[in-house]
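Quick notes on the structure that follows.
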Amino acid sequence: MSRILFFLLAQSLWSFASPQIGGRVDDSQGQPVSGALVQIYLAGSATPIRVSTGRTGEFSIEVPTASSYLVSASTKTLTTRSALRLDKPASDLIVRIEPQAERSSIVVTAESLPVSIEDSGKAFDILDQESVSRRNEIFLLESLRNLPGMQVQQIGGPGAIARIVTRGLRTADTSVLIDGFRFRDTTSTQGDAGGLLPDLLVLNSDRFEACRGSESSLYGTSAIGGTLNIITDSGGGPTHGQIEFEGGGLGLLRSLAKASGGRNRLQWSAAAMHLNVLDGIDGTDRYRNTATQNFARFAMTPKTSFTARLFTTEAFSQYNSGPGAKFGVQFPAGTIPGTLNFYNPQINDPDARRATRTLMGMFGLDQQLSSKLSLRLQYNRLHSNRYDANGPAGSGFQPRFRDFSRFEGNLDTIAGRLNYAWGKRQNLLFGYELERENFYNFGDDTNPNPAVRNTRQVGISQWSNAFYVQQQFRLFSGLMINLSGRVQDFKLKQPNFFGAPAFYGAGDLSSPPRAVTGDASIAYTFASTGTKLRAHLGNAYRAPSLFERFGTSQFSGRVSIFGDPNLRPDRALSMDFGVDQYLASGKAKIAATYFYTRLQQVVGFGPVPREPFGRTSGYFNTGGALSRGVELSGSVQPTVKLSLQSAYTYAGTLERRPIFLTGELQSQRVFPHTFSLTSTYFFTRNLDVTFDYFAASSYLVPFFVSTGSRAFRFEGPRKADIATRYRIPLKDTKSLEFFARLENLTNRTYYEAGYLTPGFWGTGGLRFGF
């Protein structure tokens, strides 16, 4: 009986005062559009409520009471020019969609809250699910290659080495997020996402939001150059999905199953993929990855909802020995040409293996306390487990026995945020994060002689508390200002050492110092001309990783210590300003940005003097670098048939102290100039072709010679790809789609930082939609 009463009470709570938002979606000719996706964001909520339009373009869905709502709609080729802002629910909306230069009119990551794109003073780009699907990309990083201000390197083939560089800075200076939570490997050398990037696939994401500029006041450590937020598809609408099979060059085989749906109280999405690369570039570089990405939202009442997300990867890869300078060669003075006359490319290493396992889960509660006040509580756990092994086989420097290391990390975050919408377009956000970071490392050289066998074991935990606040307000029509600040304290637990207890027996094992950051952005829009002026200023930090403070390395029975427990954080100051110009009623957009970032203090690596820990080389604090440049981009969609995007970036990055023996100050592995072009043409509603081109200027790579590091200048990549999709409609909502992608159309032989990249190759497959 009690269960029946509880059920009736829950039903009455749901049915009581449940407002609805509804209306019709029309195209530019006033004709209703069926199958359009409508997204509704509540003030203070980063997860949209979604519904699809019916055959006559109508839609209707129950929503909680909130201070305001943002409504947008889209199809494959049409989208809203500007998100509709509602102060209260309405059931008679007319949402107009048409060809637009930007496929999304709402951004979440830039301000940590949903805002219209014209209300943000920061530099950002959004890649939605449709934009990525047109290019048939498999790896997440490849889908980002053509964005302004971001450089992507996939080195050594699928699953090998991946880097992401924002505005000429280091990989560790870009914070990777999944639904707003930091996605990083606590056991990696910089404690960033670098070791996890090769395994990120295009799976079940609604969109990728790439924000450039300091974001530490909102997202904490590593957000110096910018953030990349992977936003999971939140589902909604009638149950729909797809099953894919793909195969082709490099021995690549891929399968995907994906579905989503839900109406009113429940929204959900789920996807699983298996990728198997049998050959790789040299025929022996196997790579496997099984990944899942799932989301669910359940509205218990109109004001209370629960969310859950699960993201997993399990990967295995065979990798090669890295490239290096040739011995016994007379090198020219100054910068050395990056040709095979002076260096050896990567060499096959038959017994080098790497296995990784990642699990990231989140559970949250959203409570609408009143029409102006909302509360969000979340718990997120990220677990990573990495295994590296290498034996004596292969060329070059190899261990005498089979060395192996296991790295296990955990990142637990409890987050709470209170959003108060105290006026029209006036938001005050208070946030708190409690984070526990755990690092565990075990190594063994498997020496058959127990008397000299070397093992090591390190376990470290660190806690941090962070408080942040953000104020968004509009002073008058067209002017938006955003101010934010963050204070974060750290507390180190006493590390546990086994196998090398004397390494850190001396010195002060103190916690990192307090991090205080602030951020300000401003945007002013001239509605009559479609011009937006924007500026962004802030300081940022990166806390030293646990490996940088306590890291060791093992090779052929010898243990080396690299860490300094007393390292201070990286600190940076950055600013940018720019203009966005919209033309032809939003069908074209031109953007220009000037940026300046100064790394005031960083953690470096190299020879160090004798000190309490007995190191000869390792990590130490030093002066940073200076990066400044421009980002230019343009996009146009004059009709439903044609879409064009292009971008150019100049990143002039200079070190404060030379890292090369011959004194070059240019930063390593950074393209000073990059250019990209992407074009999609829809021949019919069911057939489209996308061409993309990427080019970069020459860059410097350090290789060690007998006396230190010398600068080798490599030619930048020139790469043209083409992708196509052909859809055959079947009964009801079912369809069969054939797709293909051809890469490196000119079959250009190219070594990226000394690693051979694939020549001309391609894949093809079929997709069954329902």
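The values are calculated or read from the model by the stated rules, or taken from the named source; none is laboratory data. It should be emphasised that the depicted structure is a prediction, and the values quoted were computed from it without experimental measurement. Glycine gets a Cβ as well: all are built from the backbone with ideal geometry, and neighbour counts include every protein chain shown. Just the protein is used for accessible areas: all its heavy atoms, side chains included, with ligands, DNA and RNA removed. Shrake-Rupley method; radii C 1.70, N 1.55, O 1.52, S 1.80 Å.
Right, L382: in contact with a strand residue (DSSP E or B) (Cβ under 6 Å, 6 or more places away or on another chain) and surrounded by fewer than 17 Cβ atoms within 10 Å (Cβ to Cβ) or not? Even if it seems obvious, please write down each step before you answer.
Details: in contact with a strand residue (DSSP E or B) (Cβ under 6 Å, 6 or more places away or on another chain): yes; surrounded by fewer than 17 Cβ atoms within 10 Å (Cβ to Cβ): no.
Answer is no for this residue.
Summed over the stretch 712-770, residues that are buried (at least 20 other Cβ atoms within 10 Å of the Cβ), aliphatic (A, V, I, L, M) and modelled with pLDDT of 95 or more total 1. Return the residues of the stretch 387-403 that are open to solvent by 40 Å² or more (accessible area, probe 1.4 Å) and either part of a strand (DSSP E or B) or not small (G, A, S) (or both); say none if nothing qualifies. Selection gives Y387, P392, F397, R400, F401, R402.
Which residue out of F605, F671 is surrounded by fewer than 16 Cβ atoms within 10 Å (Cβ to Cβ), farther than 30 Å from R81 by Cβ and either within 27 Å of the chain's Cα centre (by Cα) or of a type outside the set (A, V, I, L, M, F, W, C) (or both)? Outline the logic, then answer.
Numbers: F671 fails: surrounded by fewer than 16 Cβ atoms within 10 Å (Cβ to Cβ).
Just a single option satisfies the conditions, and that option is F605.
Tell me, please, whether a residue that is under 23 Å from the mean Cα position of the chain (by Cα), part of a strand (DSSP E or B) and modelled with pLDDT under 95 can be found in the stretch 337-344. Among the residues of the stretch 337-344, not one is under 23 Å from the mean Cα position of the chain (by Cα), part of a strand (DSSP E or B) and modelled with pLDDT under 95, which makes the answer no. Going through S18, S82 one at a time, which residue ends up being farther than 23 Å from Q637 by Cβ and not aliphatic (A, V, I, L, M)? The conditions single out S18.
Within the stretch 656-682, the only residue that satisfies the criterion of being modelled with pLDDT of 90 or more, hydrophobic (A, V, I, L, M, F, W, C) and over 19 Å from A696 (Cβ atoms) is F682.
Scanning the stretch 261-274 for residues that are touching a Phe, Trp or Tyr at 6+ places or on another chain (Cβ under 9 Å), part of a strand (DSSP E or B) and open to solvent by 10 Å² or more (accessible area, probe 1.4 Å) yields G262, L266, W268, A270. The stretch 415-506 holds strands (runs of 3 or more DSSP E) entirely within its bounds, and those carrying 1 or more residues that are closer than 30 Å to G121 by Cα and at pLDDT below 90 map to 426-444, 455-474.
Please determine, by comparing only the residues of the stretch 275-290 that are assigned to a strand (DSSP E or B) and surrounded by fewer than 22 Cβ atoms within 10 Å (Cβ to Cβ), which one is nearest to the chain's Cα centre (by Cα). Walk me through it before giving the result.
Taking the stretch 275-290 as the starting set, the residues that turn out to be assigned to a strand (DSSP E or B) are 275-277, 287-290.
In the following step, the residues that additionally are surrounded by fewer than 22 Cβ atoms within 10 Å (Cβ to Cβ) were identified as 276, 288, 290.
Details: N276: 23, R288: 21, T290: 19 Å.
Here the residue is T290.
Checking each residue in the stretch 44-69 for being within 18 Å of P114 (Cα to Cα), open to solvent by less than 10 Å² (accessible area, probe 1.4 Å) and either outside any loop (DSSP other than H, G, I, E, B) or aromatic (F, W, Y) (or both) picks out I49, Y69. Of the strands (runs of 3 or more DSSP E) that lie entirely inside the stretch 677-770, those containing 1 or more residues that are in contact (Cβ under 8 Å) with a residue 12 or more places away in the chain and under 30 Å from I336 (Cβ atoms) span 687-696, 699-705, 708-714, 718-729, 735-743. Of all residues in the stretch 550-587, those satisfying the criterion of being over 28 Å from P672 (Cβ atoms), hydrophobic (A, V, I, L, M, F, W, C) and either open to solvent by 10 Å² or more (accessible area, probe 1.4 Å) or modelled with pLDDT of 95 or more (or both) are F555, V559, I561, F562, L583, A584. Out of curiosity, is R402 out of contact with any Cys (no Cβ under 6 Å at 6 or more places or on another chain), of a type in the set (K, R) and modelled with pLDDT of 85 or more? Criteria not met by R402. Out of (1) out of contact with any strand residue (DSSP E or B) (no Cβ under 9 Å at 6 or more places or on another chain); (2) at pLDDT below 90; (3) not basic (K, R), the odd one out for Q31 is which? Here Q31 clears every test but (2).
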